[in-house]
1. With the Cα gyration tensor of segment 139-247 in hand, convert its eigenvalues to equivalent ellipsoid semi-axes via √(5λ) and list them largest first in whole Å.
2. Greater than 30 Å separation of Cα atoms is the criterion. Which listed pairs, Lys457/Lys502; Lys165/Lys350; Lys743/Lys775; Lys412/Lys483; Lys260/Lys338, meet it?
3. Can you spot the lysines whose alpha carbon is less than 26 Å from Lys595's alpha carbon? Ignore those fewer than 8 places along the same chain.
4. When only the heavy atoms of the protein chains count and the probe is 1.4 Å, how do Phe823, Phe527 rank by accessible area, highest first?
5. If you roll a 1.4 angstrom probe over the protein chains with everything in place, what fraction of the accessible area of segment 650-774 belongs to carbon and sulfur, to the nearest %?
6. Among rounded, prolate and oblate, which fits segment 137-185 when a ≥ b ≥ c are the square roots of the eigenvalues of its C-alpha gyration tensor, a/c under 1.5 means rounded, and a/b larger than b/c means prolate?
7. Check the straight Cα-Cα distances from Lys31 and name the aspartates and glutamates below 12 Å, setting aside those fewer than 8 residues away within the same chain.
8. Write out the trypsin sites (Lys or Arg not before Pro) in segment 17-106 meeting two conditions: DSSP loop, and at most 15 other Cβ atoms within 10 Å of their Cβ.
Amino acid sequence: MGAAFPFNSTYGRVASTAIQAAVADVNADPKVLKGSKLTLSMHDTECNGFIGMIGALEFMENDVVAIVGPQCSLMAHIISHIANELHVPLLSYGATDPTLSILQFPYFVRTTQSDGFQMQSIAEIIDHYQWRQVIAIFIDDENGRNAISALGDKLAQRRCMITFKAALPPNPTRNNITDLLIKVGLQESRVIVLHANPTDGITIFSVANYLQMTDSGYVWIATDWLVALLDSRGPLDQQTMDSIQGVVSLRMHTADSARKAAFTSRWSKLVRKYSGPNVRLNSYGFYAYDSVWILARALDEFFNDGGLISFSNDSNLSGEDDAANLNLQALSVFDGGKLLIDKIRRISMKGLTGLVQFDQDGNLIHPAFDIFNVVGSGLKMIGYWSNYSGLSVISPEKLYNLPPNRSSVNQKLKNVIWPGDTVIQPRGWVFANNGEELKIGVPNRVNFQEFISKDSKTGTVKGYCVDVFVAAVNLLPYPVPYKFVTYGDGIKPPNYDEILYKVANEEINGAVGDFSIITNRTMIVDFTQPFIESGLVVVTLPKKSISTNPWAFAKPFTANLWCVTGAFFILVGVVIWILERRENEEFNHHGEPMKQIVTIFWFSFSTLFFTHQEEVASIPGRMFLIIWLFVVLIIQSSYTASLTSILTVQQLVSNIQGIDSLIASGYPIGVPVGSLAENYLVKELNVPRSRVQALASPDEYARSLELGPDNGGVAGLVYDRAYLEIFLSTHCQFTTVGSEFTKAGWGFAFPRESPLATDLSTAILQLSENGDLQKIRDKWLTISSCTITKDELESNRLHLRSFWDLFLISGLSCIIALIIYYFLLVYKYISSNTEYSFRGFLTFANKMPDNGDKKEEKS
């Protein structure tokens with residue numbers, strides 16, 4: 001077997017010891033290969049494509065059955081073509097390029113984790129902290145380009161994006177790095193993903209620290225090269241450690257096991273035996289060690305299936321003059337290569353890295369990474385990522401025993417100390433440091449200029465929308481340089497959709513104005529939280545009614561109040577009859593029942609007009625009647641006032657009661673020029689476009705409504721309530737009918753994924769909570785007091801709750817009067833009788849006293 005890797009690299013020094021130790025362990029194990037031995041031949045590729053190719057060809061001349069390596073993705077792309085031709089498996093512990101596919105390179109076996117999974121873990125970390133824009137710094141080779149491309153795909157799945165790809169040439173100079181980082185510093189995003197090799201990566205951090213790009217506000221996420229470097233060399237010099245403080249980095253996860261612990265404990269002896277310099281173990285060493293054992297186990301299965309180690313000449317190379325000149329005829333095809341590669345892909349074994357098994361795409365199963373934070377002189381673990389359950393503070397091995405759960409609630413990491421020695425999560429972006437102000441597009445309205453307009457004299461932009469925007473920007477925790485760019489000549493209404501398309505195409509940085517938030521617009525731009533609620537309503541011209549409703553007199557009282565009032569009138573008649581009938585002949589009528597009933601009703605209802613003629617003689621009766629007449633006075637006055645108000649309101653009526661009756665009428669419908677109402681009526685409500693009339697100004701709105709549909713005008717105007725409130729404040733002859741039939745709001749527009757939209761939304765909510773938003777509204781907008789709605793009609797009606805206290809007083813006085821009356825009646829009965837019985841009392845109560853009794857009672 002062969003091994004091809006750069007001997008003097010961070011990964012290579014560890015891999016050299018691990019591979020030699022693995023070969024020795026395989027040859028020392030009698031259970032493996034049944035007496036056969038592995039003979040190792042190593043070649044230093046120096047991560048150079050040409051040198052690596054020469055080394056691979058030398059291996060093939062010596063009839064190797066497999067090669068452990070290459071370590072670099074560049075080398076893997078080159079040597080895999082040779083391996084395909086000669087059927088020699090490549091087992092790479094370090095080529096992480098996700099584009100190395102088994103479909104193109106069937107003899108390439110990645111025995112480590114693919115960068116596709118590493119980039120997925122980074123994308124989930126970025127999404128976890130709700131950052132949306134990322135800068136990627138990488139070495140511009142196969143591994144760098146393809147890994148960052150995979151990162152872009154994973155970010156796009158989470159509505160994140162790489163805003164700037166900062167590519168460095170292979171083996172960059174310090175000047176190359178400085179020039180690139182200066183460009184990076186001019187970008188908005190402060191979240192930087194660094195994918196490089198250890199040598200270049202440390203130089204990049206050194207320059208970034210010099211440019212103060214590792215201070216507070218920045219986020220640096222380094223791929224696994226950084227942790228591998230720290231694992232291999234331990235704490236670096238103080239200057240280097242200072243430059244990487246707060247960096248988040250990853251390490252390929254390897255499960256804890258007794259085999260892993262035993263190998264780690266003897267690592268120092270292995271280094272002294274095979275390498276010489278003191279090299280500490282990193283995760284690549286585990287994967288390099290397992291690569292040799294994968295080959296050994298596969299060869300076992302190969303021999304068990306009758307496989308033979310034999311080589312034959314390549315027919316594609318025989319007889320060619322060029323091949324003879326290059327001595328390519330010495331290259332042989334491994335006859336058992338197809339069988340061996342099949343055994344390798346079917347392998348299932350316990351290694352230092354855990355369970356070693358490949359999926360149908362050729363990747364190791366259960367990909368996972370440890371996540372670290374560089375703090376002080378070491379690494380602080382903040383969590384794990386696995387393809388099974390995402391981000392977690394629990395090791396993947398424990399999660400594999402549970403059902404997969406990728407809900408956002410379960411995506412957790414421990415606290416991070418960010419660059420600048422702060423635990424406060426960085427915002428992740430700033431305004432581009434290029435000295436340019438944000439271009440904010442604003443419409444120059446022709447009418448309703450209270451909302452937004454351009455002053456023709458000074459050229460400044462003013463209005464309700466502008467004041468809200470300025471107040472919200474002032475609440476942001478960072479300065480926002482901006483300038484307004486107006487659209488529209490002040491004569492014709494501007495096209496709002498064109499302004500939003502300019503925002504979407506990033507010709508301008510945002511749009512401020514009365515922009516309605518509707519579905520098709522949210523597909524191209526991001527809106528802030530609405531700063532004003534609105535919707536479409538119908539305005540019409542009510543007509544004066546010639547005759548009123550014949551039952552209009554009943555509307556001042558609700559049904560409950562009518563019933564209770566009527567019941568009390570009857571109650572008053574009954575109570576007065578009870579109190580007066582024994583002593584007052586006007587209520588007794590010599591005991592004739594019909595006349596007494598008529599008297600009860602006549603007396604009770606005549607009190608409504610204070611025209612009762614019957615004299616009330618008893619003291620309880622007079623007391624009760626005084627209270628009742630006071631109640632009647634209040635009810636009568638309230639009824640008169642309410643009826644007057646209702647009859648006045650009802651003089652204004654309209655045949656149009658809302659959008660449904662307006663559409664059903666078949667009459668022309670007015671809409672302002674350029675408003676969304678026209679498209680909504682035609683496309684959503686299927687109103688023929690011929691019925692829709694575009695009106696240019698408020699004066700034209702009023703003129704068309706006053707003309708009416710029979711004289712060339714319109715039956716109703718459909719427009720946004722926010723505008724119509726101002727229109728109605730100066731045109732009181734019109735009124736809104738029905739309710740809002742759409743619900744929308746106005747917001748400020750910014751390009752998709754703009755963090756400014758989120759921050760301004762928070763600021764708008766603060767304005768609403770502290771009352772400043774209402775103050776701005778009161779400053780610019782006049783709320784109409786002319787509109788009359790059904791709610792106002794209802795408010796003119798009198799409810800039972802308005803008089804419950806008066807009825808309660810009347811009821812209590814009624815009870816008190818009856819109690820006094822019966823107390824006196826019982827007293828008289830006792831005084832005039834020596835024998836007592838209930839029947840006798842009833843007879844006494846129903847008996848009208850004669851003159852003698854009356855004189856006696858008076859005395």
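1. 21, 16, 15
2. Table pairs above 30 Å Cα-Cα are Lys165/Lys350; Lys412/Lys483; Lys260/Lys338.
3. Correct list for Lys595: Lys847, Lys854.
4. Phe823, Phe527
5. For segment 650-774, the apolar C and S fraction of the accessible surface comes to 47 percent.
6. oblate
7. Straight-line reach from Lys31, under 12 Å: Asp300.
8. Those satisfying the criteria are Lys31, Lys37.
The values are calculated or read from the model by the stated rules, or taken from the named source; none is laboratory data. Note that the coordinates shown come from a computational prediction; the quantities given were computed from them, not determined experimentally. FYI the Cβ positions are ideal-geometry reconstructions off the backbone, even for glycines, and counts take in every protein chain you see. Accessible surface is based on the protein model in full, side chains and every heavy atom, while ligands, DNA and RNA are left aside. Shrake-Rupley method; radii C 1.70, N 1.55, O 1.52, S 1.80 Å.
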